[in-house]
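What follows draws every value from the coordinates through simple rules; no lab data is involved. Owing to the predicted nature of the structure, the values given are computational and were not obtained by experimental measurement. Cβ placement follows ideal geometry from the backbone for every residue including glycine, while neighbour counts extend to all protein chains displayed.
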């Protein structure tokens, strides 16, 4: 059985002045400055943004309006950031969030 191909794609190339290079799980990707991080990731073929704490089940975006928790990611070292609401900028570092993510420095463990 074949794997369905992604139907998410950019409709037009990104203009030179609006191109942002960012890092996702150690890989360099490109997107449009100001678009939601989730959109840039989807356009790059990324479908898993986080995994569930207990089961490890993968999650991608769901509502894309900031109301659910399916797009929580680690952005610039901060866990629990909604990728659907975070604007892309040059040099941003995005990571898949596994479980609850990283503890906040100084928090009691």
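In this simple spin-label approximation, residue 65 and residue 16 carry label points 7 Å from Cα along the Cα→Cβ vector, and these lie 4.0 nm apart.
Within the stretch 21-109, antiparallel bridges make up roughly 75 percent of the DSSP beta bridges whose residues both belong there. The distance between label points at residue 23 and residue 85 comes to 2.6 nm (points 7 Å beyond Cα on the Cα→Cβ vector).
Ordering 31-37, 82-88 by mean Cβ neighbour count within 10 Å, with the highest value first, yields 82-88, 31-37. For the chain, adding -39500 (n - 2.57) for each run of n ≥ 4 DSSP H residues and dividing by the number of residues yields -1500 deg cm²/dmol at 222 nm.
Starting from the Cα-Cα distance between residue 76 and residue 55, subtract it from 0.36 nm times their residue separation and give me the gain in nm to one decimal.
Between residue 76 and residue 55, full extension yields an extra 5.0 nm.
Compactness check for the chain: Cα Rg over 2.2 N^0.38 Å is 1.11. Cβ crowding within 10 Å ranks 29, 19, 11 as 11, 19, 29, fewest other Cβ atoms first.
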